[in-house]
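A quick write-up on the structure given underneath.
The values are calculated or read from the model by the stated rules, or taken from the named source; none is laboratory data. Bear in mind that the values here come from a model prediction, so they are computed numbers and not experimental data. Note that each Cβ is placed from the backbone with ideal geometry, even for glycine, and that neighbours are counted across all protein chains shown. Ligands, DNA and RNA are excluded from the accessible area calculation, which covers all protein heavy atoms including side chains. Shrake-Rupley method; radii C 1.70, N 1.55, O 1.52, S 1.80 Å.
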Amino acid sequence: MNRANMLSSWDPAVRRLCLTYFTFSVAVTQLESMFALFMADRFGYGAREVAFLLVGIAVVMGGVQGGAMRPLSERYGERSLVIAGMAVLSGAFLGVAQAPSVAWLLLPLAISAVGRGIAQPPLMSLASFRATEDQRGIVMGTFQSSASLARVVGPACAGLLYDHSIGGPFLLAAALMAGATVLAVGIARREAGDPI
């Protein structure tokens, strides 16, 4: 079977998961690529202060993924965590765009770290489990490639938006994450009787 035929034979949920991950990744790159410029232009922060904030975000995200994911996944299921994490991220990105001070900014940044920590691992797990054994390699390769493509598209969009409005990339991120949430809800509804 050639690649085109294999892609067309995928479960529709797998294609939707790849699209969801692409949308999620474009949204996340808005913060990653513009955060240092945003902090410098809006709050006068330099590289040292930005580095401390980024380390703090990483620590929160790592704590969620390392300590909370297993009990949360067992209690709520992976699809529910994806939906909740993306919805939380959408609100957090809105908060980043509108934060009037660094003190206020810390809350949406912490919330974004929690949302990403909750959403990303189960999203990858769902893609792996939905793929059949003979398609798992190409499915996961395509899934990861969607994130790689997002890391090309996302920063370009962020730069263009930032030139027009400092908060623009984060508003786009909020809208994209809301769209990714809708995509994830669609997967959950289609798979309501699924054991995974």
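Tabulated data
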read-out: Some residue of region 132-154 being touching an Asp or Glu at 6+ places or on another chain (Cβ under 7 Å) and either in a helix (DSSP H, G or I) or at pLDDT 90 or above (or both); value: no
read-out: Failed condition for SER101, given (1) closer than 19 Å to ALA150 by Cα; (2) surrounded by fewer than 22 Cβ atoms within 10 Å (Cβ to Cβ); value: (1)
read-out: Scope region 176-196; condition modelled with pLDDT of 90 or more and out of contact with any helix residue (DSSP H, G or I) (no Cβ under 8 Å at 6 or more places or on another chain); matching residues; value: VAL182
read-out: Test result for VAL88, more than 22 Å from PHE52 (Cα to Cα), modelled with pLDDT of 95 or more and surrounded by 15 or more Cβ atoms within 10 Å (Cβ to Cβ); value: yes
read-out: Single residue of VAL14, VAL60 found to be over 30 Å from GLY167 (Cβ atoms) and in contact (Cβ under 8 Å) with a residue 40 or more places away in the chain; value: VAL14
read-out: Among the residues listed as ARG42, ARG48, ARG79, the single one being in a helix (DSSP H, G or I), open to solvent by 20 Å² or more (accessible area, probe 1.4 Å) and within 23 Å of ALA184 (Cα to Cα); value: ARG79
